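First the structure, in the form of structure tokens, and then the observations on it.
The values are calculated or read from the model by the stated rules, or taken from the named source; none is laboratory data. All of these numbers come straight from a predicted model, not from anything done at the bench. Virtual Cβ from ideal backbone geometry, glycine too; neighbours counted across all protein chains shown.
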DNA sequence: GTCCATGCAAACTGTTTGCACGCGC
DNA sequence: GCGCGTGCAAACAGTTTGCATGGAC
């Protein structure tokens, strides 16, 4: 794999190593275009390496976040979801009926941030627009009994 | 207190009661214009009623959220912050240096949401723009050693 | 008097950490 | 072979819950 080489080098500059587990976590993240949480990530990784531990998944996520390869989002609930960093910024709508996540872009947000930094003299490092509600499908099903996954 | 009456009535319609503790939690929330977390809320409440328990604070927050009087935000960290619902929507900037929270408005967001609902046929129930970075003060102190509270 | 709300402690969830061993470089 | 990374289990933080008692209405 070509990317392995540059990945290894990036890790190396901070005295870190490219291990089977780190490669695996990144692979799983890249291949699933959903917003997995640590547990889901661990499950998928275990399918390929039954010995990988949840602790390693968490530790790897810290490293990948530091490298800027992965972003962490709190999509409303108490636990975090992870996705590989995209070139174009995008935001998340979470359906409170079925849990589906819809990504969307909104260029106006960048303008909001620009104005905010200028007015307050501050420096923005990350921004996220988090929307919740009912998706089209769940709206149709009405108030009575969406598929709460149960 | 005048508001007590309507509060009691609202609670009553869902078979609930207005207790000393519920009144107290709401009072503390209204009087502090900061973004308290459950623990901070509990501390302040204890100053007025040393017997109030953290569990009651949490249970009361659930009720107040259901009534629409209180909003819960995850300002980046792992735990939640709470504030009374404001008439004007507003969003939060959190300084990763000193932890300070700056509120700001951004009318463009409403437009984003309108477009999103229309295009996707979905219904928005809540939206939050969450920004992190360095506030003006912490920027001045430079990269080397902001006051990380320690 | 009824039934919801409270306090306490224990359970639970998501995440982090200490330690001895394993493996990348 | 040095030293970071791993697996495991225990620790931890934030939040929720079961149960017996207390208090609102």
Residue in segment A:110-121 that is farthest from the chain's Cα centre (by Cα), counting only those that are in a helix (DSSP H, G or I) and facing chain B (nearest Cβ under 7 Å): A:120
So residue B:116, is it in contact with a helix residue (DSSP H, G or I) (Cβ under 7 Å, 6 or more places away or on another chain) and either more than 19 Å from residue B:30 (Cα to Cα) or at pLDDT 95 or above (or both): no
One residue from B:9, B:31 being within 14 Å of DNA strand C (Cβ to nearest atom), free of Cβ contacts under 8 Å to residues at least 12 places away in the same chain and more than 14 Å from every other protein chain (Cβ to nearest Cβ): B:9
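Could you identify the single residue in B:131, B:63, B:124 that is surrounded by 16 or more Cβ atoms within 10 Å (Cβ to Cβ), within 11 Å of chain A (Cβ to nearest Cβ) and closer than 21 Å to residue B:37 by Cβ?
It is B:131.
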Residue, farthest from the chain's Cα centre (by Cα), within segment B:53-75, restricted to residues that are part of a loop (DSSP other than H, G, I, E, B) and within 12 Å of DNA strand D (Cβ to nearest atom): B:53
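For every residue, the table says whether it meets (1) loosely packed, with under 14 Cβ neighbours inside 10 Å; (2) farther than 20 Å from residue A:86 by Cα.
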residue: A:3; (1), (2): yes, no
residue: A:9; (1), (2): yes, yes
residue: A:23; (1), (2): no, no
residue: A:26; (1), (2): no, no
residue: A:42; (1), (2): no, yes
residue: A:50; (1), (2): yes, yes
residue: A:56; (1), (2): no, yes
residue: A:68; (1), (2): yes, no
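Which residue is farthest from residue A:30 (Cα to Cα), if the candidates are limited to segment A:78-87 and must be free of Cβ contacts under 8 Å to residues at least 24 places away in the same chain and within 14 Å of the chain's Cα centre (by Cα)?
The qualifying residue farthest from residue A:30 (Cα to Cα) is A:87.
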Of all residues in segment B:76-94 being away from DNA strand D (no atom under 11 Å from the Cβ), within 14 Å of chain A (Cβ to nearest Cβ) and in a loop (DSSP other than H, G, I, E, B), the one that is surrounded by the fewest Cβ atoms within 10 Å (Cβ to Cβ): B:90
Hits in segment A:1-26 (condition: part of a helix (DSSP H, G or I) and away from DNA strand D (no atom under 13 Å from the Cβ)): A:2, A:3, A:4, A:5, A:6, A:9
For residue B:97: the one exception among (1) more than 14 Å from chain A (Cβ to nearest Cβ); (2) in contact with a strand residue (DSSP E or B) (Cβ under 9 Å, 6 or more places away or on another chain); (3) crowded, with 16+ Cβ neighbours inside 10 Å: (1)
Those residues of segment A:50-62 which are away from DNA strand C (no atom under 11 Å from the Cβ) and touching a strand residue (DSSP E or B) at 6+ places or on another chain (Cβ under 9 Å), in sequence order: none
